Amino acid sequence: MNIPANLRYTDTHEWIRKEDDGTISVGITDIAQDRLGDVVFVGDAKVGATLAAGEAGAVVESVKAASDIYAPVAGEVVAFNETLDAEPQRLNEQPYDAWIIRLRPANVADVDALLDAAAYEAIAGEA
Amino acid sequence: MLRHTTLHGLHVEWGGRMVDFSGWEMPAHFGSQLEEHRHVRQDAGMFDVSHMLNVDVVGEDAQKFLRHLLANDVAKLASPGQALYSCMLNPSGGVLDDLIVYHLGTQRFRVVVNAGPADDDVAWMRRVCSNARFAVEISPRRDLAMIAVQGPRARESLWAARGELKPATASLSRFHAVETPHGMIARTGYTGEDGFEIVLPADDAPELWTALRAADVVPCGLGARDTLRLEAGMNLYGADMDGSTTPAESALDWTVDRTTDRDFVGRAALESASPARALVGVRLDGRGVLRSHMRVRAPSGEGMVTSGTFSPSLGISIAFARIPRSGGDIPSPGTPIEVEVRDRWTAATITKVPFVRHGSSVLGGLTGGA
């Protein structure tokens, strides 16, 4: 499974990318999409809400099950990737291009404290 | 320790995502459940259903025994080759299992039951048989495998893979079966599409599977089988009905034959009470995916989703739900209801089943998806 070195990760299988405007993009990893199976619905994004780390910010539903997408750090949800409304399968096809929500972190340093690729691989490999 | 069918090695080799299904390690899918679903609707796919159990019922009382054991009447199977769908009930009228019974020859029948309750089914059949002293031999056939080839191109695909089977099966009508030197071939299935179910010696299954694959039949997992059967309006034992629900509470009343005074197990209980609940089709109007056990609010009262999924053919979420009847009547299609989808009461509509028949939507105002 593909785990890009330039991203940060959570133990709940989200990836995190820092954007130039100070926000972060959050998606699901290759491992996550593989375990979920075909994604058929992405939604319930809490755009405008301020979330604590670990609070649900959106939901991904596959043929198999529904899974919450958690805020990796505290912050405000500023955007939802609306292309996923019509093309939820993009999470399967291009998991690292298809971000789900964007967050403005309350504290940018929190992002650097998240798992790096090696640490995520170590965790995900065991599961 | 999970049990394996003789096709297990081929499934793993083909990239099957293996899961525990009623104690059997079976493929959920081989990469994309949605693609497998579409192959069956548009072309041809195949399923390993060898975890289901064939039970042969043979002996001078075979017909008498089955007329007592089953809620549908095997007397309808006038000639060998005919098949019948039936429930097997407990004395309180609850559904122990649903099954297909094939009439193979004089006082010779084959019953195909679900994997989960298979052992209990055989024990129950033997108990009913010995209680009434029927002269019948009941033989579970774990030496057999079963492959379902389904889809508009299914029959041609089997003939391409096994030309020698064509003469015996080309004129086989729907819901009929024929015994050949290679096994029993039935024009039945669980997808709403045309096709065959092939029952053959377990050791012969890998060769047939490989030949079908060479004829471009796509291996499909049990995930696609579930979305296909739900679209086709077919119940799943253990989800949509079990020993605590009667046929009338499970949209299966049409399978109970009361045309004669036949004494069958469960009949007295069914006739002493009127059904309080009904199983109905549901389409979700709001966003999300219906899943089993979600709560339902209907005008007639509260109920529960028994099976739910995203329908690949329709592009919406569909389900079966068990809800109270209103004054004895089944709530009619078009009735607005609500389903609790992830903590949010979401609009849904009671809908006629099947949802999809032979590749096309039967929902008014909706076109069948790709």
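Each reported figure results from applying straightforward, stated rules to the coordinates on display, with no laboratory input. Computed from a prediction, not measured in an experiment: that's the story for all the values here. Here the Cβ is made from the backbone with ideal geometry for all residues, glycine too, and neighbour counts use every protein chain on show.
In table form, for the structure just shown:
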| item | result |
| --- | --- |
| Scattering profile of chain B at q = 0.06, 0.07, 0.10, 0.15 Å⁻¹ [log10 I(q)/I(0), Debye over alpha-carbon scatterers] | -0.22, -0.30, -0.64, -1.40 |
| Computed FRET value (nearest 0.05) for B:Met18 with B:Asp216, which takes r as the C-beta separation and R₀ as 25 Å | 0.60 |
| Among B:Pro336, B:Pro167, B:Pro299, residue whose mean-square fluctuation peaks in a GNM of chain B (springs only between Cα atoms under 10 Å) | B:Pro167 |
| Whether the protein assembly as shown is rounded, prolate or oblate, judged on the alpha carbon gyration tensor where a/c under 1.5 counts as rounded | prolate |
| Debye log10 I(q)/I(0) for region B:145-292, one point scatterer per Cα, at q = 0.14, 0.18 Å⁻¹ | -0.86, -1.07 |
| Those aspartates and glutamates that a straight Cα-Cα span of less than 15 Å connects to A:Lys18, excepting residues fewer than 8 apart in one chain | A:Glu76, A:Asp97, A:Asp110, A:Asp112, A:Asp116 |
| Extension gain, B:Asp143 back to B:Glu60 (0.36 nm per residue minus Cα-Cα distance, nm) | 27.5 nm |
| Size of electric dipole in the protein assembly as shown: Cβ of Lys, Arg +1 and of Asp, Glu -1, about Cα centre, debye, nearest 20 | 1660 debye |
| For residues of B:28-34, the mean tally of beta carbons on other chains within 10 Å | 4 |
| Residue order, fewest to most surrounding Cβ atoms within 10 angstrom, among B:Val282, B:Val122, B:Val111 | B:Val122, B:Val111, B:Val282 |
| Distant-in-sequence amide H partners of A:Phe41 (H built 1.01 Å from N, under 5 Å) | A:Glu61 |
| Label-point separation in nm, A:Asp110 to A:Ala56, each point 7 Å along Cα→Cβ | 1.9 nm |
| Only Lys, Arg (+1) and Asp, Glu (-1) charged, at Cβ; region A:17-126 dipole about Cα centre in debye | 200 debye |
| Of all DSSP beta bridges in chain B, antiparallel share, percent nearest 5 | 95 percent |
| B:Met304-A:Asp85 FRET efficiency (beta carbon distance; Förster radius 35 Å; 0.05 resolution) | 0.75 |
| Value of relative contact order over region B:226-346, rounded to a whole percent, pairs C-alpha under 8 Å and six or more apart | 26 percent |
| Cα-based shape type of chain A, given that a ≥ b ≥ c are square roots of the gyration tensor eigenvalues and the cut on a/c is 1.5 | oblate |
| Burial ordering of B:Val136, B:Val40, B:Val256, fewest other beta-carbon atoms within 10 Å first | B:Val256, B:Val136, B:Val40 |
| Relative contact order (%) - criterion: Cα under 8 Å, at least six apart; region: region A:17-126 | 30 percent |
| Computed E for B:His358/B:Lys166 - FRET, C-beta separation, R0 22 angstrom, nearest 0.05 | 0.50 |
| Three-way shape label, region B:30-98, alpha-carbon gyration tensor, a/c 1.5 | prolate |
| Exposure proxy order (Cβ contacts within 10 Å, fewest to most) of A:Ile101, B:Ile318 | A:Ile101, B:Ile318 |
| Distance from region B:142-210 to region B:1-50 (C-alpha centre basis), Å | 17 Å |
| Dipole magnitude of region B:139-275 about its Cα centre (Cβ charges: Lys, Arg +1; Asp, Glu -1), debye to nearest 20 | 320 debye |
| Interchain or long-range residues, amide H under 5 Å from B:Leu144's placed H | B:Ala202 |
